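First up is the structure itself, then whatever we jot down about it.
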Amino acid sequence: MQPVEPFMITEAPLDPAPLVAYVQTPGDGAVVTFAGVARNHFGGRPTAFLSYEAYTEMATPVLARIAEEARARWPIGRVAVHHRIGTLEIGETAVLVVVAAPHRQEAFQAAAYIMDRIKEIAPIWKKEHWADGAAEWRE
Amino acid sequence: MITVRVRLFAAHRDIVGRPEVTLQMEPGATVGAVWEQLVAGYPSLGRYTGRLLYAVNQQFAEPDASVDDGDEVAIIPPVSGGVDRR
């Protein structure tokens, strides 16, 4: 198996299994996996597909920085975050946040925090391609 | 004069029609001045003023940070689903 990059922006489909295997160490009793998935509607309007763009050279270290922010707040173990870019069909995974910790509460809280921070500061943008053919960047 | 590369993303790239532009600035110019010069050339960018993050050479930067010759300045429009800008 290829070594896992814990923080990555990629055009390839995302697979949680290698990330779960990467984060888990014998001291961890909890592994939380969050998957953000392309959804077929937004604000009541049907969506055909999504596309994502990133400032990749910066986004990758920002993901690592956000994980360090979480580590400063909760006693957690390893963290992995992969974000996909390019065109995503409905049902495909756009982002995976995987957090290991000795106990579940910290793993849940850290995963939620990391996802919130990605949406605040990670230079990654989503474009909604509506079913009627129009498209707009989510801001 | 100094030369800076300005990286543009998402809606900004659509408005400007290119993923990056090169601007000539006065020595000691700030990140905010780079944005103002961009808006002067592309007035429809103006509605983003106050809703942006900036980076210089891939590090977050405040609007009053100065830029140097050869710097890569990134204008970071609101990110997907983000509401609480910081």
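Just so it is clear, none of the values below were taken in a lab; they were calculated from the coordinates. Computed from a prediction, not measured in an experiment: that's the story for all the values here. Cβ coordinates were reconstructed from backbone atoms using ideal geometry, including for glycine residues, and neighbour counts include every protein chain displayed.
Summary of computed values
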quantity: Inter-label distance, nm, simple model (7 Å from Cα along the C-beta direction), A:Ala135/B:Asp64; calculated: 4.0 nm
quantity: Burial ordering of B:Glu72, B:Glu26, fewest other beta-carbon atoms within 10 Å first; calculated: B:Glu26, B:Glu72
quantity: Length-normalised contact order of chain A in % [C-alpha pairs under 8 Å, at least 6 apart]; calculated: 35 percent
quantity: Built amide H within the under 5 Å cut-off of B:Ala65, gap 5+; calculated: B:Val31, B:Gly32
quantity: Dipole of chain B [Lys/Arg +1, Asp/Glu -1 at C-beta], most positive-end residue of B:Gly70, B:Pro19, B:Val34; calculated: B:Pro19
quantity: Helix axis angle, B:31-41 relative to chain B longest principal axis, alpha carbon, degrees; calculated: 80 degrees
quantity: Relative contact order of region B:2-76, pairs being alpha-carbon contacts under 8 Å that are 6 or more residues apart, as %; calculated: 43 percent
quantity: Protection proxy ranking of A:114-126, A:87-99 - average other beta-carbon atoms within 10 Å, highest first; calculated: A:114-126, A:87-99
quantity: Förster radius 22 Å - calculated FRET efficiency between A:Glu5 and A:Thr87 (Cβ-Cβ, nearest 0.05); calculated: 0.50
quantity: Efficiency of FRET from Cβ geometry, A:Ala72 and A:Phe42, R₀ 41 Å, rounded to 0.05; calculated: 0.80
quantity: Computed magnitude of the charge dipole of the protein assembly as shown (debye, nearest 20; Cβ of K, R +1, Cβ of D, E -1); calculated: 600 debye
quantity: Average partner coverage of B:3-11, which counts Cβ from other chains inside 10 Å; calculated: 3
quantity: Rounded Å value of the spacing that divides the Cα centres of region A:111-126 and region B:1-30; calculated: 25 Å
